[in-house]
Amino acid sequence: MNNTSLITIIITSALVNNVILSQFLGICSFLGVSRQIKTSFSLGCAVIFVMAIASAVASLLYDFVLAPLDLAYLQTIVFILVIAALVQIVEMFLKKTSPGLYQALGIYLPLITTNCAVLGVALNNVTSTYNLAQSVVNGVATAAGYTLAIVLLAGIRSQIDEEAVPGPFKGAPIVLLSAALMAIAFMGFSGIAL
């Protein structure tokens, strides 16, 4: 069993190895949903929920079913099925309880199923040999880092929309440039020593 402390996992997953800005996973929803802070935060909360539950279920399935039965080669397929089921549950819940939020998230809510960040964290938990608690903490911290990055970009985009941007930089170029500068800024966290 890995003896990595939970604090180390939290800081590393959320800041140092941010799933979007360092590992470049989850870029499609990062760029697509980050137009408004509220929508970005809502998607981030949905991703936190899905990643936390997916991390726990994937860890349990791997430890008690796949590894003992020598079926570890099926982990990617099993994890994708778990994630797809969880996203369906979240989608049904939001449709019933918050139709406005469900409409605001639009196509990006079902895209959590194919969000490589969610699958990436489940696979990372297995390769890092995290136990159940470490897997859940890693999932929540990774999702919190995802939420932080997408909300920050939404805030930057709201400010950019109010500024005079030169013609060649309008639209996607300025958003990608902003994301690149965010990634460079997050590299500063790599010097944190625990």
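Data table
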read-out	value
Members of region 35-51 that are open to solvent by less than 20 Å² (accessible area, probe 1.4 Å) and not hydroxyl-bearing (Ser, Thr, Tyr)	LEU43, GLY44, ALA46, VAL47, VAL50, MET51
Residue list for region 20-47, filter: within 25 Å of ILE184 (Cβ to Cβ) and either of a type in the set (Val, Ile, Thr) or in contact with a Phe, Trp or Tyr (Cβ under 7 Å, 6 or more places away or on another chain) (or both)	ILE20, LEU21, SER22, GLY26, ILE27, SER29, GLY32, VAL33, ILE37, LEU43, GLY44, VAL47
GLY145 at pLDDT 95 or above, assigned to a helix (DSSP H, G or I) and either open to solvent by less than 30 Å² (accessible area, probe 1.4 Å) or under 18 Å from VAL57 (Cβ atoms) (or both)	yes
Extreme residue, surrounded by the most Cβ atoms within 10 Å (Cβ to Cβ), among residues of region 95-131 that are more than 19 Å from ILE80 (Cβ to Cβ) and β-branched (Val, Ile, Thr)	THR129
Unique match (being in contact with a Ser or Thr (Cβ under 7 Å, 6 or more places away or on another chain) and either modelled with pLDDT of 85 or more or open to solvent by less than 20 Å² (accessible area, probe 1.4 Å) (or both)) among SER59, SER29	SER59
Some residue of region 150-166 being closer than 21 Å to ALA14 by Cβ and under 13 Å from the mean Cα position of the chain (by Cα)	yes
Helices (runs of 4 or more DSSP H) enclosed by region 69-137 - at least 1 residues per element that are β-branched (Val, Ile, Thr) and in contact (Cβ under 8 Å) with a residue 40 or more places away in the chain	75-97, 116-127
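The values are calculated or read from the model by the stated rules, or taken from the named source; none is laboratory data. Given the structure is predicted, the values throughout are model-derived calculations rather than measurements. Positions of Cβ are backbone-derived with ideal geometry, glycine not excepted, and every protein chain shown enters the neighbour counts. Side chains are part of the model used for accessible areas, which takes the heavy atoms of the whole protein and leaves out ligands, DNA and RNA. Shrake-Rupley method; radii C 1.70, N 1.55, O 1.52, S 1.80 Å.
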